[in-house]
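Structure record follows, encoded as structure tokens.
The values are calculated or read from the model by the stated rules, or taken from the named source; none is laboratory data. Bear in mind the structure is a predicted one, so any value in this text is a computation, not a measurement. Glycine also receives a Cβ, built like all others from the backbone with ideal geometry; neighbour counts cover every protein chain displayed.
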Amino acid sequence: MRPMIDGGKLKLLPPDQLERLHLGVLEVLREVGVKVEDREALEILNKAGADVDFQGMVVKIPEYLVMDSIQKAPKDVTFYGRDPNESFSVKHGKGVYFGPCAGPPYFIDENGNRRKGKLADMEKSARVADALPNIDFVTGLTTASDVPPSAIDLYEQFAVMSNTKKHVHVFVYEGGKEMTKAQIELASLFAGSQEELKKRPIFSFYIEPASPLYVGRGLGEAVIEAAKLNIPVIYTPIPLAGATNPATIAGTVVESVAECLVGNVIAQLVNPGTPVVLGPVSLTMEMRRGTASYTNIESVMMRGAMAQLFRYYELPSWGTAGCTDSKLLDEQATAEAILTLIISALTGNNLNHDAGYAESGKSGSIALLTIADEMIGMVKRLMRGIRVDEETMALDAVKSAGVGGSFLTLKHTLNTYSKEHIPSELFDRLPWDAWVKEGGKTLVQRAYEKVGRILREHDVEPVPADVRAKAREIIKRFEK
């Protein structure tokens with residue numbers, strides 16, 4: 001199992017404000033409701049006691065139904081890798097993990113070129129993420145522009161799952177019953193069988209409903225089909241404060257958490273105990289330019305407040321970290337990447353995606369993903385804290401070295417140094433002359449060199465020929 005690091009040390013809200021937000025969430029669901037465009041989901045909600053307008057497709061959900069679904073959702077969730085050693089767990093809101101995502105239409109490759117993403121880029125990204133020690137789960141970092149759109153979900157899923165043994169998040173574009181079943185069928189090839197997949201789900205569905213308060217056609221069906229087999233569902237609307245959601249931080253938190261809980265209600269009604277991870281990817285409308293800001297401090301605060309509210313519910317939460325609004329891998333990119341990583345860990349978001357996103361989520365950067373991996377190592381060290389005991393206080397070592405002595409030759413230094421300090425591969429710590437002698441390279445240049453080395457040297461065990469053939473048959477059914 002991958003190591004668990006506890007977060008939640010930074011609390012942006014006192015208990016009474018958390019309670020007010022919670023009551024606001026219930027009021028939105030009870031009095032405003034949400035539009036759900038899947039008939040089956042409407043019928044499930046209606047049967048459970050929700051107020052359903054079948055003609056307008058609007059559902060108003062009573063408090064008891066929301067709270068009952070929260071109680072039924074598991075507090076402990078394990079995310080399995082094809083390699084059992086790559087699995088990891090969230091236990092009662094504890095555990096902070098990091099990884100990339102898919103979806104950006106553009107890709108910044110290992111040569112620094114920005115272009116439309118291709119399937120091969122997703123394969124490379126998955127292989128690099130598989131090799132990076134601090135990346136806990138994997139997606140493809142871009143979108144494949146070179147495959148038939150009708151089968152893009154399956155092409156991308158196979159490309160990523162073939163190039164990693166870590167847990168995979170599978171992007172749901174339009175969803176729908178048949179596509180979701182095909183994605184489960186494809187994952188079953190990697191798991192060995194559908195029964196094995198149900199026991200050890202090696203992937204999760206990543207589902208993005210729209211804001212405000214809208215579950216588009218096919219997405220409700222995707223939740224239903226995933227729940228039937230106990231496949232984890234990551235349910236994450238993308239609110240835009242000031243445009244699709246209120247301009248205030250508290251208002252966006254209330255409305256977007258309400259949007260999230262709709263997915264949990266549907267999942268728990270279908271199959272109580274379905275693992276669900278909730279957390280909006282909150283953005284802010286930049287009113288001067290009409291653009292969406294990804295890593296401004298207000299958006300980061302929204303995600304931190306939501307993490308705290310989901311911990312209040314004891315539900316696993318979904319966050320965003322290791323990304324930037326910058327177009328270049330410059331000072332802004334690294335500042336925003338480390339800021340989002342640290343705050344996501346401190347506020348306790350459990351699964352933090354989008355590491356490697358640039359240009360406000362429009363581009364995936366394989367170099368930024370690699371830099372973020374080392375930053376995550378720093379964050380993990382920070383969250384581990386300072387150990388104070390007989391060994392670390394080092395009183396015997398201080399006495400042994402004495403006044404004016406050296407600690408370099410002491411066994412204590414040899415025994416403790418690697419436990420206390422993590423070495424840096426990418427961040428430069430050399431004196432000027434030594435740095436120049438080694439080429440005077442920038443952080444970005446060193447990151448691209450590391451990417452190239454991984455792509456040359458790191459291999460994932462090839463997918464058997466019979467699995468490839470069966471996967472191709474599944475994909476062919478959706479090519480139109």
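Within the range 76-84, is even one residue surrounded by fewer than 17 Cβ atoms within 10 Å (Cβ to Cβ) and farther than 26 Å from Arg311 by Cβ?
Yes; the residues of the range 76-84 include at least one that is surrounded by fewer than 17 Cβ atoms within 10 Å (Cβ to Cβ) and farther than 26 Å from Arg311 by Cβ.
Give just the number: which of (1) over 30 Å from Arg115 (Cα atoms); (2) out of contact with any strand residue (DSSP E or B) (no Cβ under 7 Å at 6 or more places or on another chain) does Thr442 not satisfy?
Status for Thr442: all satisfied but (1).
Given the condition in a helix (DSSP H, G or I), touching a Gly at 6+ places or on another chain (Cβ under 9 Å) and not assigned by TED's automatic domain parsing to the domain that holds Gly304, answer yes or no: does some residue in the range 6-21 qualify?
Scanning the range 6-21 turns up no residue that is in a helix (DSSP H, G or I), touching a Gly at 6+ places or on another chain (Cβ under 9 Å) and not assigned by TED's automatic domain parsing to the domain that holds Gly304.
Being farther than 30 Å from Ser162 by Cα and either under 23 Å from the mean Cα position of the chain (by Cα) or in a strand (DSSP E or B) (or both) narrows it down to one residue among Val66, Val59; which is it?
Every option except Val59 fails the conditions.
Report yes if some residue within the range 233-256 is at positive phi, touching a residue at least 24 places away in the same chain (Cβ under 8 Å) and not acidic (Asp, Glu); otherwise report no.
Our first condition is that a residue be at positive phi; within the range 233-256, this holds for 242.
Now restrict to residues that are touching a residue at least 24 places away in the same chain (Cβ under 8 Å): 242.
Pick out the ones that are also not acidic (Asp, Glu) and you get 242.
Scanning the range 233-256, I find at least one residue that is at positive phi, touching a residue at least 24 places away in the same chain (Cβ under 8 Å) and not acidic (Asp, Glu), so the answer is yes.
Each row is one residue, and each column tells you yes or no for (1) farther than 22 Å from Arg217 by Cα; (2) modelled with pLDDT under 95; (3) surrounded by 21 or more Cβ atoms within 10 Å (Cβ to Cβ).
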| position | (1), (2), (3) |
| --- | --- |
| Thr139 | yes, no, yes |
| Leu154 | no, no, yes |
| Phe158 | yes, no, yes |
| Ser162 | yes, no, no |
| His169 | no, no, yes |
| Glu174 | no, yes, no |
| Glu178 | no, no, no |
| Ala182 | no, no, no |
| Leu189 | yes, no, yes |
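Kindly check whether there is at least one residue in the range 284-304 that is touching a Pro at 6+ places or on another chain (Cβ under 7 Å) and at negative phi.
No, the range 284-304 has no match at all.
Return the residues of the range 202-218 that are crowded, with 23+ Cβ neighbours inside 10 Å and assigned to a loop (DSSP other than H, G, I, E, B); say none if nothing qualifies.
Correct list: Ile202, Pro209, Leu213.
Looking at the range 110-133, which of its residues are over 14 Å from Asp373 (Cα atoms) and among the aliphatic types (A, V, I, L, M)?
Selection gives Leu119, Ala120, Met122.
Condition check ((1) of a type in the set (Asp, Glu); (2) touching a residue at least 12 places away in the same chain (Cβ under 8 Å); (3) part of a helix (DSSP H, G or I)) across all residues:
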site: Lys399; (1), (2), (3): no, no, yes
site: Thr409; (1), (2), (3): no, no, no
site: Ser424; (1), (2), (3): no, yes, no
site: Phe427; (1), (2), (3): no, yes, no
site: Ala434; (1), (2), (3): no, no, yes
site: Gly440; (1), (2), (3): no, no, no
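For the range 252-271, does any single residue satisfy the condition of being modelled with pLDDT under 95, among the charged types (D, E, K, R), more than 16 Å from Gly220 (Cα to Cα) and touching a strand residue (DSSP E or B) at 6+ places or on another chain (Cβ under 9 Å)?
Applying the first criterion (modelled with pLDDT under 95) to the range 252-271 yields none.
Looking for residues that are modelled with pLDDT under 95, among the charged types (D, E, K, R), more than 16 Å from Gly220 (Cα to Cα) and touching a strand residue (DSSP E or B) at 6+ places or on another chain (Cβ under 9 Å), one finds none in the range 252-271, hence no.
Mind listing whichever residues of the range 50-75 are loosely packed, with under 13 Cβ neighbours inside 10 Å and either in contact (Cβ under 8 Å) with a residue 40 or more places away in the chain or touching a Leu at 6+ places or on another chain (Cβ under 8 Å) (or both)?
Within the range 50-75, just Phe54 meets the criteria.
Considering every residue within the range 184-192, establish whether at least one is assigned to a loop (DSSP other than H, G, I, E, B), touching a residue at least 12 places away in the same chain (Cβ under 8 Å) and closer than 17 Å to Val467 by Cα. Explain how you work it out, then say what you get.
Applying the first criterion (assigned to a loop (DSSP other than H, G, I, E, B)) to the range 184-192 yields 192.
If we keep only those that are touching a residue at least 12 places away in the same chain (Cβ under 8 Å) too, we end up with none.
Looking through the range 184-192, none of the residues is assigned to a loop (DSSP other than H, G, I, E, B), touching a residue at least 12 places away in the same chain (Cβ under 8 Å) and closer than 17 Å to Val467 by Cα.
Examine the range 21-30 for a residue that is buried (at least 18 other Cβ atoms within 10 Å of the Cβ), touching a residue at least 40 places away in the same chain (Cβ under 8 Å) and among the small types (Gly, Ala, Ser), and state whether such a residue exists.
No, the conditions are met nowhere in the range 21-30.
Could you please let me know if Asp109 is crowded, with 21+ Cβ neighbours inside 10 Å and of a type in the set (D, E, K, R)?
Taking the combined requirement at face value, the residue satisfies it.
From the list Gly290, Gly356, which residue is at pLDDT 95 or above and among the small types (Gly, Ala, Ser)?
None of the other options fit; the residue is Gly356.
Find the strands (runs of 3 or more DSSP E) located wholly in the range 263-360 whose residues include 2 or more that are surrounded by fewer than 23 Cβ atoms within 10 Å (Cβ to Cβ) and over 19 Å from the mean Cα position of the chain (by Cα), and list them. Please lay out each step first, then the result.
Working: elements: 276-278, 283-286, 291-293, 318-320, 351-353.
Answer list for the range 263-360: 283-286, 291-293.
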